[in-house]
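Below: one structure, written as C-alpha cells.
Throughout, read-outs are computed from the coordinates displayed, never taken from laboratory work. Everything quoted here is computed from the prediction, not taken from an experiment. Cβ: placed from backbone, ideal geometry, glycine included. Neighbour counts: every protein chain shown.
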Number of protein chains: 2
Amino acid sequence: MIKFDAHYLKESVQDRDIERIVPALYKAHEDLHGRKGKGAEFTGWLDLPSRISDSFIKELGQLAAEVQDQSDYLVSIGIGGSYLGIRASLEFLGGISKLPVYYAGHNMSSDQLHHLLQTIQDKRVTVVVISKSGTTTEPALAFRVVKKMLEAKYGAEELKKRIICVTDEKKGALRAIAQKNGFRTFTIPDDVGGRFSVLTPVGLVPLALAGVDIFSVMEGARKAQSEYAAPDLDNNACYRYAALRNILYGKGKKIEVLSSFYPNLFYVAEWWKQLFGESEGKGHKGIFPASLILSTDLHSMGQWMQDGERTVFETFIAVERPQQDAAIPADPQDLDGFNYVAGKGLDFINKKAYEATAAAHFEGGVPNMTITVCKADAVHLGHLYYFFEKACGISGYVLGVNPFDQPGVEAYKKKMFALLKRG
Amino acid sequence: MIKFDAHYLKESVQDRDIERIVPALYKAHEDLHGRKGKGAEFTGWLDLPSRISDSFIKELGQLAAEVQDQSDYLVSIGIGGSYLGIRASLEFLGGISKLPVYYAGHNMSSDQLHHLLQTIQDKRVTVVVISKSGTTTEPALAFRVVKKMLEAKYGAEELKKRIICVTDEKKGALRAIAQKNGFRTFTIPDDVGGRFSVLTPVGLVPLALAGVDIFSVMEGARKAQSEYAAPDLDNNACYRYAALRNILYGKGKKIEVLSSFYPNLFYVAEWWKQLFGESEGKGHKGIFPASLILSTDLHSMGQWMQDGERTVFETFIAVERPQQDAAIPADPQDLDGFNYVAGKGLDFINKKAYEATAAAHFEGGVPNMTITVCKADAVHLGHLYYFFEKACGISGYVLGVNPFDQPGVEAYKKKMFALLKRG
C-alpha cells in the first residue's frame, strides 16, 4: 500500500552501514515485540489495529449519525496527541467529513477562543473533549469556557447529548466531570501514550463523529500491522526507514525534513513531528524534525535546502492520485510561454516538480527518501499512521532512548503553575 | 516600539564575544549603508519607508474603495515574497480586512485550485497577481486558469477593472499581458528582492485592496528606519539581534526557532523563514530557521526543545495586548481544580506559559531572546518587518555571504523544465 524509494541515499548510505545496524535493529524488534524494552508498558499501540472490535465501530457509527443529525458543527477540544492526529486525518482526507469541525483547547489564544465562541453562538453544536487527565491546562480551560456557554444555551439535560468525553477509564477530572454531569464517555487505553493514540478512541471518536469511515482507517492499519511485522530489512519498508534515518543521523544529518507537494499533508507532518520529536528528542540527542509544504516552501526554504549547511536529510511523502485535477488551459496570446503544457493537469506539473526537487536536493548534498501512497483516502491514512508509529518505536530503540516517555515536557509546566499560583 | 530582551543568553554569550564581533558588525553597517557590499544592487529596501509617497498611498486608497465595492472576494496570486508577506500581514492583523482574501499560485495543488474555483464561481471577484517576471510557474499557471474563468464570466472589457498586476516596470510576461489586455499595473522596484519586498507594491497593493491601513504600516517602518539607523549595539536592538544570532551560530547553535504564543504570527514566522533562510543558507552555511506556535507545539516539539540536541537557540515574539480576551469562568464543581484562575483572562495564563517556557528552555540549555511588540496592529507590523529585514542584511554580511541573492533556487527549476519539455 506504500512504496518506499531510497535510491537518493546512494553515496550517503553504504551496504556496510546497513550491515552494521542490523543487530541493533533486530534487538529493537525483539524488545518491542517481546515488550521488554524501555517503556514497554506504553506499547499497546503495536497490536491495536487487530484488537479493535467491529462492535465498537458500529456503536460509534450510530452515535455519529445522531450527532450529525443534531449539529451544525463539531467542536473538538484537545491538544498534542488529542489534537494533531484528528486534524491531520481530516485535512489529509480533504474535507470530505459530514460535519465541519472546529478545534479548541490546542492553545491559549484568547483571540481564537473569542472567535470560536462568536462562530458557534447561534449554531447547533456538539462537543467532543479528549483528555486523559482532564487537567491539562489548555483543553481544561477551553472546556470550561465552552461548557459554560452551552449550559446557558441548552440546559443540563440537553447537554448530556451534546458533550462527549474521551478520557481515562476510572481516574481523572474529566472522568469525574462526565460522571457528575451524565456525559457520554469513551475510554483511552492505559498502554498507549498520546502521540501513539490516533488509532484509539482519542482519534477514532472525533473522526467518526465528523463522518470519517474509521473502519477503513483501521483496515489500512491492520494491513500495516501485518506487513511490517517481520524484521526483514529487504521487505519491511518501515524498518528500512527506521534504520536509514539512524544511519544518516550517525553521519551528522541532524535535521530530518518531511516534505510533501500536497498541502493536505500539512498536519500529517505536524503529527509526525510530535511522534518523532517527542519520542527521540531526549538525553541531548535526537533528530530535529521539521517539515516543508512544496512547492510553496521551495520559494522560501528552497535556497537553504539546496545550498545551506549539509546537516539535513529529507523524507518526501508523495500522493499518486489527487482528489481533483485542474487542466492547464491553452492561451491564444501565450505571453507566459506555457502553452507547451496546455492540456496537462496541474498535478502532472506538480509531480515533475517533485521529481526535479528530489534529484536537485540529492545533487546538492541532501540525501532523500520517498514514501508514496497511491491515494489520500482513509485506508492509506491508517496504513501511514501505523507505518510511522512502528518506525518510530524501532528507531527510538535503535537510538538507545525510551521512545515512550516525555520527561522534558514537565519543565515549563512546573514553572507555569508556580507563576500562576503566585497570581 | 519593540522591546528586545536577551537576558536568557547569559552564560551563552559573553562580553568578549560581543567585543569580538563589533568590527564585523561595523563593517556590515558601512557596506550596507554605503551600498558597497555584496548584492548592493538589491538594497533598495533600506530606505524604502522614507521614499514612499503619500500620493501613492492615496491613489491606492481610491482603487481599494472601488475594488471593495465591486467584490465579494479578492484573489491574491503569487508565491514566495509575493505571497508570504501578504498573508503574514493579514493574519497578524487578525482578519480585520474589509475584503476576504483567497490565495492562489502559491503551490501546484490541483485540489486547492479546484476548491478555489468552486468557491469563487458565483461570487464577485477581483484578482491581484504579483510576479516580477510573469513566468514563475505556480502563479503563471494559476493566473491562466483563473483568468480564463473570469474572461468567460465577465468578458474582456469588465476584466480590465477586475485584474490588477504588480510586476516589472517594463520587462516580462506579466507586463506584456497587462499591456495587451488593458489591466491596471503597479511596479515592483528593481532594487528590492522578493523576500525584502513586503513594503513595496508587492505587499502594499494587495493589503490596501483588502482594506489594511498601509499608511500605518509604512509609518511603523519609517520609525524603524530611523530607530535602527546607527551602528550602536547598546541602543540598536536590530543590530544586537543580528550580532547575537551570529555569535550563537559560531558556538554551534545551528538551528534558530522562532516561537510565538500567538497563532496569528504563524505566517510572520513563515515570512521570517524565507527572509533568513534564503539570505543566509548558501555556501554550505547558514542557520536553519524553524518555527513553533505555542503552547500548541509545546505538546509536540516541547520534549525535543527541552532535552534534545543542544544545537538550537530560540527567539520568541511576544505580543503585549491581544485583540480580544476571554475570561476563565468559575465552576461550582471545580473538578479540574482551575478555580484559582477563575476571573483571569486566558491571555494572562498564556503569558505565564511564555515566561515559564523561556525560563525552562534556558535552564534546559536553549539560549533565548524575546522581541515584544505591544500590539498586533499595522504600525507594529511595519516596524517588525523593517526590524527583521535590516537585521537580516546585517547578519548576512557578518556571516560573510551575499544576503541578497538566491542562486540555489534555480537547481530544481532547471530540472523541472527539462522534465516538462520532455513531456
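Determine whether A:ASP405 is of a type in the set (Asp, Glu) and part of a loop (DSSP other than H, G, I, E, B). Steps first, please.
Details: of a type in the set (Asp, Glu): yes; part of a loop (DSSP other than H, G, I, E, B): yes.
For A:ASP405, the condition - of a type in the set (Asp, Glu) and part of a loop (DSSP other than H, G, I, E, B) - is met.
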For the range A:358-375, name all the residues that are facing chain B (nearest Cβ under 10 Å) and either surrounded by 20 or more Cβ atoms within 10 Å (Cβ to Cβ) or among the aromatic types (Phe, Trp, Tyr) (or both). A:ALA358, A:ALA360, A:HIS361
A:VAL401: passes all of (1) surrounded by fewer than 22 Cβ atoms within 10 Å (Cβ to Cβ); (2) under 22 Å from A:LYS251 (Cα atoms); (3) away from chain B (no Cβ under 14 Å); (4) of a type in the set (A, V, I, L, M, F, W, C) but (3)
Got a number for residues in the range A:260-283 being closer than 14 Å to A:VAL398 by Cβ and within 12 Å of the chain's Cα centre (by Cα)? 1
I want to confirm something. Restricting to the range A:160-194 and keeping residues that are in contact with a Ser or Thr (Cβ under 7 Å, 6 or more places away or on another chain) and of a type in the set (Lys, Arg), which single residue is nearest to the other protein chains (Cβ to nearest Cβ)? A:ARG175
Selection from the range B:36-87 of residues that are closer than 22 Å to B:VAL128 by Cα, among the hydroxyl-bearing types (Ser, Thr, Tyr) and not in a loop (DSSP other than H, G, I, E, B): B:SER55, B:TYR73, B:SER76, B:SER82
Say we look at the range B:341-357 and pick out the residues that are within 7 Å of chain A (Cβ to nearest Cβ) and of a type outside the set (A, V, I, L, M); which of these is nearest to A:LYS421 (Cα to Cα)? B:LYS352
Residue list for the range B:210-246, restricted to those being over 18 Å from the mean Cα position of the chain (by Cα) and among the polar types (S, T, N, Q): B:SER226, B:ASN235, B:ASN236, B:ASN246
Criterion: of a type outside the set (S, T, N, Q), within 30 Å of B:ALA242 (Cα to Cα) and within 25 Å of the chain's Cα centre (by Cα) - qualifying residue of B:PRO49, B:PRO23: B:PRO49
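For the range B:108-204, list the helices (runs of 4 or more DSSP H) that sit wholly inside it and hold at least 2 residues that are basic (Lys, Arg) and surrounded by fewer than 21 Cβ atoms within 10 Å (Cβ to Cβ); which are they?
On the way: elements: B:110-120, B:137-162, B:173-181.
Where helices (runs of 4 or more DSSP H) fall fully within the range B:108-204 and carry at least 2 residues being basic (Lys, Arg) and surrounded by fewer than 21 Cβ atoms within 10 Å (Cβ to Cβ), they are B:137-162.
Residue by residue, here is whether (1) among the basic types (Lys, Arg); (2) within 14 Å of chain B (Cβ to nearest Cβ); (3) farther than 27 Å from A:LEU113 by Cβ; (4) surrounded by fewer than 18 Cβ atoms within 10 Å (Cβ to Cβ) holds:
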position	(1), (2), (3), (4)
A:PRO49	no, no, yes, no
A:GLU59	no, no, yes, yes
A:ALA65	no, no, yes, yes
A:ASP72	no, no, no, yes
A:GLY81	no, yes, no, no
A:LEU84	no, yes, no, no
A:ARG87	yes, yes, no, no
A:PRO100	no, no, no, yes
Since A:PRO289 meets every condition but one in (1) crowded, with 24+ Cβ neighbours inside 10 Å; (2) at the interface with chain B (Cβ under 7 Å from one of its Cβ atoms), which condition does it not meet? (2)
Could you say whether any residue in the range A:251-259 is within 15 Å of the chain's Cα centre (by Cα) and surrounded by fewer than 21 Cβ atoms within 10 Å (Cβ to Cβ)? no
Which of the residues that make up the range B:120-149 are within 12 Å of another protein chain (Cβ to nearest Cβ) and more than 30 Å from B:GLU410 (Cα to Cα)? B:MET149
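Restricting attention to the range B:274-282, does a residue exist that is at the interface with another protein chain (Cβ under 7 Å from one of its Cβ atoms) and either of a type in the set (Ser, Thr, Tyr) or over 20 Å from B:ASN246 (Cβ atoms) (or both)?
Within the range B:274-282, the first condition is being at the interface with another protein chain (Cβ under 7 Å from one of its Cβ atoms), and the residues that meet it are B:274, B:277-278, B:281-282.
Those still in the list that are either of a type in the set (Ser, Thr, Tyr) or over 20 Å from B:ASN246 (Cβ atoms) (or both) too: none.
Among the residues of the range B:274-282, not one is at the interface with another protein chain (Cβ under 7 Å from one of its Cβ atoms) and either of a type in the set (Ser, Thr, Tyr) or over 20 Å from B:ASN246 (Cβ atoms) (or both), which makes the answer no.
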When you check B:TYR386 against the structure, is it assigned to a helix (DSSP H, G or I), of a type in the set (Ser, Thr, Tyr) and at the interface with another protein chain (Cβ under 8 Å from one of its Cβ atoms), yes or no? no
Can you tell me which of (1) free of Cβ contacts under 8 Å to residues at least 60 places away in the same chain; (2) touching a Gly at 6+ places or on another chain (Cβ under 6 Å); (3) polar (S, T, N, Q) is the one B:ASN402 doesn't meet? (1)
Of those in the range A:309-330 that are in contact with a helix residue (DSSP H, G or I) (Cβ under 6 Å, 6 or more places away or on another chain) and at the interface with another protein chain (Cβ under 8 Å from one of its Cβ atoms), the residue farthest from A:ASN246 (Cα to Cα) is A:PRO329
